[in-house]
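Reviewing the structure listed below.
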Amino acid sequence: MKYLVYTITTILALIILFWIGLKVQPAPFPSYTAGTSPADTIPLPENLPSAVERYYLEIYGENVPVIHSAVISGRASMRVNGITFPARFRFTHIAGQGYRHYIEATIFGFPIMKVNESYLDGHGRMEIPFGIFEGEQVNQGGNLGLWAESMWMPSIFVTDPAVSWEEIDDETAVLVVPFGETEEQRFIVRFDPETGLLSFMESMRYRDAEGGEKILWINNVKEWGRLNGEVFPVTGAVTWFDQGTPWAIFQVEEVVYNSDVTDYIRAKGP
């Protein structure tokens with residue numbers, strides 16, 4: 001009987017300790033300090049859908065910056081097998097071409113799971129604790145991820161000649177982006193009717209590396225704020241429609257534009 005009580009007490013103590021560990025936020029990654037180049041600007045293009053034009057006038061005015069790269073860092077919460085872990089992340093982008101993700105899920109602020117994910121040269125690769133995943137469905141999701149995360153460098157949606165917009169109504173438009181040499185992918189983009197700011201980007205994406213069907217994939221800007229003096233989507237959430245709630249929420253704390261990330265995007269770690 002004493003052994004049973006001891007065992008139950010130990011298990012409860014470990015559960016409580018684990019729960020406390022999940023409440024501890026990790027320290028942010030060190031700041032990205034590589035040099036940057038000043039952004040050129042171009043006039044806001046004409047003949048944009050009304051909701052899109054209103055959005056860009058709100059965040060940039062008549063002239064939009066030309067962004068070639070971005071290093072986006074911050075902290076997050078991520079649900080893995082039903083457990084929500086605190087995390088820290090760094091996403092490195094060559095605008096409209098490729099990205100590298102590095103994510104650490106933590107307990108008591110210490111990393112216990114590391115994710116190295118990339119979409120480079122049209123090829124997606126996921127390195128997670130459960131294995132390495134590649135293939136056509138990973139590529140399809142990688143390209144959608146590339147463009148969904150471009151909400152953090154939004155000028156690319158009007159400065160990249162391979163991107164186009166189609167009007168739906170005063171609050172909604174279709175964003176058409178390239179996929180490979182000849183294909184396209186589409187997002188339904190919804191804008192807040194009061195502020196004019198981007199609220200949702202929705203697309204059909206494979207969740208699994210093999211098999212299964214495409215699922216509605218929802219990227220939601222939960223909070224707009226200011227970063228580097230500019231209006232910026234500081235908090236974003238990612239939801240699979242069939243799950244109903246976000247599996248990940250990202251809080252951006254630093255963004256560095258127009259640095260030479262040619263080598264860094266192919267590195268490992270933060």
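Read the figures in this text as sums done on the coordinates, not as results from a lab. Predicted model only: the values in this text are computed from it and were never measured. Methodologically, a virtual Cβ is constructed for each residue, glycine included, from the backbone with ideal geometry; neighbour enumeration extends over all protein chains shown.
Data overview
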{"read-out": "Relative contact order, percent, the range 2-266 [alpha-carbon distance under 8 Å, six or more residues apart]", "value": "20 percent"}
{"read-out": "Rg in Å to one decimal, and Dmax rounded to a whole Å, for the range 2-266 via C-alpha atoms", "value": "19.9, 78"}
{"read-out": "Cα gyration tensor shape of the range 162-235, rounded if a/c is under 1.5, else prolate or oblate by comparing a/b with b/c", "value": "prolate"}
{"read-out": "Separation in nanometres of the label points that stand 7 Å from Cα toward Cβ, at residue 128 and residue 167", "value": "4.1 nm"}
{"read-out": "Acute angle (nearest 10 degrees) that the helix 136-148 long axis makes with the longest principal axis of the chain, alpha-carbon atoms", "value": "70 degrees"}
{"read-out": "GluC sites (Glu not before Pro) within the range 14-68: DSSP coil, no more than 12 neighbouring Cβ in 10 Å", "value": "46, 62"}
{"read-out": "Efficiency of FRET between residue 208 and residue 108 - r from beta-carbon atoms, R0 45 angstrom, step 0.05", "value": "0.90"}
{"read-out": "Chymotrypsin sites (Phe, Trp or Tyr not before Pro) restricted to the range 211-244 and DSSP loop, no more than 12 other C-beta within 10 Å", "value": "241"}
{"read-out": "Sparsely packed trypsin sites (Lys or Arg not before Pro) within the range 178-270, loop by DSSP, other Cβ within 10 Å at most 15", "value": "207, 268"}
{"read-out": "C-alpha center-to-center spacing [the range 40-81, the range 190-251] in angstrom", "value": "14 Å"}
{"read-out": "Contour excess over end-to-end distance, with Cα ends at residue 58 and residue 83 and 0.36 nm allotted per residue", "value": "5.2 nm"}
